[in-house]
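Asker: Before I ask anything, let me first share the structure, which is written out below as C-alpha cells.
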Amino acid sequence: NMTDEAHALFLLAATSGAARDKALDRFFERWKHDHLVIDTWFTAQAVSPLPATVKRVTDLISHPLFSITTPNKVRALVGNFATLNPVQFNRPDGAGYAFVSDQVLAIDRFNPQIAARILGVFRSWRSLEPARKRQARKALARVAATPHLSRDVYEIVSRMLDG
C-alpha cells in the first residue's frame, strides 16, 4: 500500500547508493501523473540527512513537476527541508540557510504569506552556536536588505533581527 511504499522511500532516500537512486526513479515513474503523490517524492528527498541534499533540493526547484507558485509543492520541498531536516538546514557552512532564504525571497514576490511562514524556521537562530548563528544572521540580513519585501516578510525578518 502507499503508506508502506512511502515509508520505504523515505528510508531509502536517507541512504546513499544505487538502491536509493533506483527507488527514487521507480517511485517517480510509477506516480509521476499523481501530483499529490509526487509531493511525497519531493519530501523524501528534502528530508534526507545526506550532505548532497542541499544541492539536490536546489536542483529539484527546476524539476518540471515542481512549481514555486504551487503552495503544496513549496511546502513539500522547501518547507519540509526547512522544518524536517535540521541536519541539512543547519549545516555549518550556511548552505541550508542560504537555500531557504533564496526561496523565501523568490516566493515573497507572489505569495508573501507562504514566504513569511517558511521564514519562521529561523526564529530560534539566536540559540545556535556562534558559527551557525553567524550564518543564519547573514541569511536573515540578506532577506532584510532586499528591496520591495512584502509587509509579511519584512515584519518577520525585522522582528527576528531586532529582537
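The values are calculated or read from the model by the stated rules, or taken from the named source; none is laboratory data. Computed from a predicted structure; not experimentally measured. Here the Cβ positions follow ideal geometry from the backbone for every residue, glycine too, while neighbour counts run over all protein chains shown. Surface accessibility is based on the protein's heavy atoms, side chains included, excluding ligands, DNA and RNA. Shrake-Rupley method; radii C 1.70, N 1.55, O 1.52, S 1.80 Å.
Asker: Please turn the phi angles of region 73-85 into ³J(HN,Hα) values with the Karplus equation 6.51 cos²θ - 1.76 cosθ + 1.60 (θ = phi - 60°), one per residue in order, whole Hz, x for glycine and proline.
Answerer: 5, 4, 5, 5, 9, 6, x, 6, 4, 5, 9, 10, 10
Asker: Among residues other than residue 113 whose Cβ falls under 14 Å from its Cβ, what is the net charge (Lys/Arg +1, Asp/Glu -1)?
Answerer: Here the charged neighbours net out to +1.
Asker: Dipole size in debye (nearest 20) for region 12-148 around its Cα centre, Lys and Arg Cβ +1, Asp and Glu Cβ -1?
Answerer: 460 debye
Asker: Just to confirm the filter: which trypsin sites (Lys or Arg not before Pro) across region 28-70 are DSSP coil and have at most 14 other Cβ within 10 angstrom of their Cβ?
Answerer: Loop-located and lightly packed - 32.
Asker: Counting only protein heavy atoms and using a 1.4 Å probe, what share of the accessible area of region 33-163 belongs to carbon plus sulfur, as a whole percent?
Answerer: 56 percent
Asker: Mind checking which of 133, 73, 22 has the largest fluctuation in a GNM of the chain, springs on alpha carbons under 10 Å?
Answerer: 22
Asker: Which lysines, if any, have their Cα less than 25 Å from the Cα of residue 138, not counting same-chain residues under 8 positions apart?
Answerer: Within the straight-line cut-off, residue 138 pairs with 55.
Asker: Per residue, how much accessible area does the chain have with a 1.4 Å probe, in Å²?
Answerer: For the chain, the per-residue accessible area is 53 Å².
Asker: Shifting gears a bit: Can you pull the three principal axis extents for the Cα set of region 1-107, in Å, largest first?
Answerer: Principal extents (Cα only, largest first): 36, 29, 20 Å.
Asker: How large is the helix-only mean residue ellipticity at 222 nm for the chain, computed as the sum of -39500 (n - 2.57) over DSSP H runs with n ≥ 4, divided by its residue count, in deg cm²/dmol to the nearest 500?
Answerer: The helix-only estimate for the chain comes to -19500 deg cm²/dmol at 222 nm.
Asker: Here's a follow-up. For residue 91, what is the net charge nearby, where nearby means another residue's Cβ is under 12 Å from its Cβ and Lys, Arg count +1, Asp, Glu -1?
Answerer: Details: positive: 55, 132; negative: 93.
Here the count lands on +1.
Asker: Pick out which of 94, 17, 120 has the largest mean-square fluctuation in a Gaussian network model of the chain, springs linking Cα atoms closer than 10 Å.
Answerer: 17
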